[in-house]
Amino acid sequence: MALSTVTYSPTQKGIVISIPTLVLSVSVGAIMLFFLLSSLSTCSCPSSLQSFNDNNNGRGGLGEVDKKERISATQEDIEWIMDQIQANGLHMQDNILRKGINPRTRAQQLQDLIQFKGISHYEGLVSDNHTALPCPGELLVEEHHSNYGEPWAGGRDVFEFLAESSHLSPNSRVLEIGCGTLRVGLHFIRYLVPEHFHCLERDELSLMAAFRYELPSQGLLHKRPLIVKGEDMDFSKFGSGVVYDLIYASAVFLHMPDKLVWAGLERLVGMLKPYDGRIFVSHNIKFCSRLGGEECTKRLTSLGLQYSGKHTHDSLLFNHYEIWFEFRRSKA
């Protein structure tokens, strides 16, 4: 094929091709190939494929594709997992010594860790053992998971209820008052974009468990949650201007004087998104009910808060329900 020059220019009617008169021996197949290649530059692909191309051509990566993440398990999910157990013929067994498995209590685990360190370990100084973030044995055997009077798995239940009741998205901002060892907070941190989970916690051992074990072991260090040691409902370290979609306190106000709870609510109102933002308080609101219904309503109204109702939610994994009281900001 003798093809000396080929030029083209896009127009409103498509591609105009100019071929010099000297070119005579262009095959039909070559022309069809040319049109095919030219059409790719003005792709009329299905919208899903075009979206994929857009996201990978400088307009965002795959991780930025917007999708709504499902939070709670569905009935279909539960039926699936039960089918898997049945299909494998599984039944609960006594956790006794058996081939390849040596059951240990947390106390025994800790003693083993202190005495034997591990099957393979470095001898000599701690500074020479290649451990980037040395963690105390008490945290490694997860003693802090028993601090709550109920299973650690209950933290997931709380997250699901609060996230769905508040209509959260990954871009929402959340403040927990008393996040402890992150039994609930871990799920929010994983769900939210980096730096959007904040917490005020007074207990030092709980904070050590959060920082030195839970965040690293769950692969969440990159989420950079803002967790602050403090008490007396002092939120000054979170900065001015931050506005939250959800503020919650799980079994925290029970242990505070009523006067301090009201002082805290007064500070929190300005940090809550007007109308759409929510405050959830668990177990009871005796700080309010002790005033009497009418007086409590007056007090809340004076702060710019409105009581929205009482809710209960059930645990997915064990026989337990929790009570939550919902408040919203009624003024901008």
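The values are calculated or read from the model by the stated rules, or taken from the named source; none is laboratory data. These numbers were taken from a predicted model, which means no experiment stands behind them. Reconstructed Cβ throughout: ideal geometry from the backbone, glycine too, with neighbour counts over all protein chains shown. In case anyone asks, the SASA skips ligands and DNA or RNA and just uses the protein heavy atoms, side chains included. Shrake-Rupley method; radii C 1.70, N 1.55, O 1.52, S 1.80 Å.
Using a cut-off of 24 Å between Cα atoms, the listed pairs K310/K331; K223/K259; K117/K223; K273/K310; K229/K259 include K223/K259; K117/K223 as exceeding that distance. Going by accessible surface with a 1.4 Å probe and the largest first, E295, E204, E150 read E204, E295, E150.
About its Cα centre, the range 145-329 has a charge dipole of approximately 360 debye under the convention of +1 per Lys or Arg Cβ and -1 per Asp or Glu Cβ, with nothing else charged. Note on N95 and N284: with the Förster distance fixed at 30 Å, the Cβ-Cβ geometry gives a FRET efficiency of about 0.20. Per residue, the solvent-accessible area of the range 145-329 (1.4 Å probe, heavy atoms of protein chains only, all protein chains present) comes to 47 Å².
Given R₀ = 30 Å, FRET efficiency for T297-E150 by Cβ-Cβ distance, to 0.05? Show your work: numbers first, answer last.
Numbers: r = 32 Å, r/R0 = 1.08.
Once rounded, the FRET efficiency stands at 0.40.
I'd like to compare 100-106, 256-262: which one has the highest average count of other Cβ atoms within 10 Å, and what's the full order after that? If you can, show how the numbers build up before the last one.
Values: 100-106: 9.4, 256-262: 14.7.
Listed from highest to lowest mean packing, they are 256-262, 100-106.
Cα centroids of the range 70-92 and the range 175-192: 27 Å apart.
Packing here is the average count of other Cβ atoms within 10 Å per residue, and on that basis the peptides 157-170, 281-294, 188-201, 237-250, highest first, run 188-201, 157-170, 237-250, 281-294. Between the range 274-303 and the range 125-160, the alpha-carbon centres lie 35 Å apart. Considering only alpha-carbon pairs that sit under 8 angstrom and 6 or more positions apart, the relative contact order computed for the range 145-329 is 19 percent.
Carbon and sulfur: what percent of the range 173-290's accessible surface (1.4 Å probe)? That share works out to 51 percent.
Using a Förster radius of 25 Å, what is the FRET efficiency between L254 and A73 based on their Cβ-Cβ separation? Nearest 0.05, please.
Values: r = 29 Å, r/R0 = 1.17.
Using R0 = 25 Å, I get an efficiency of 0.30.
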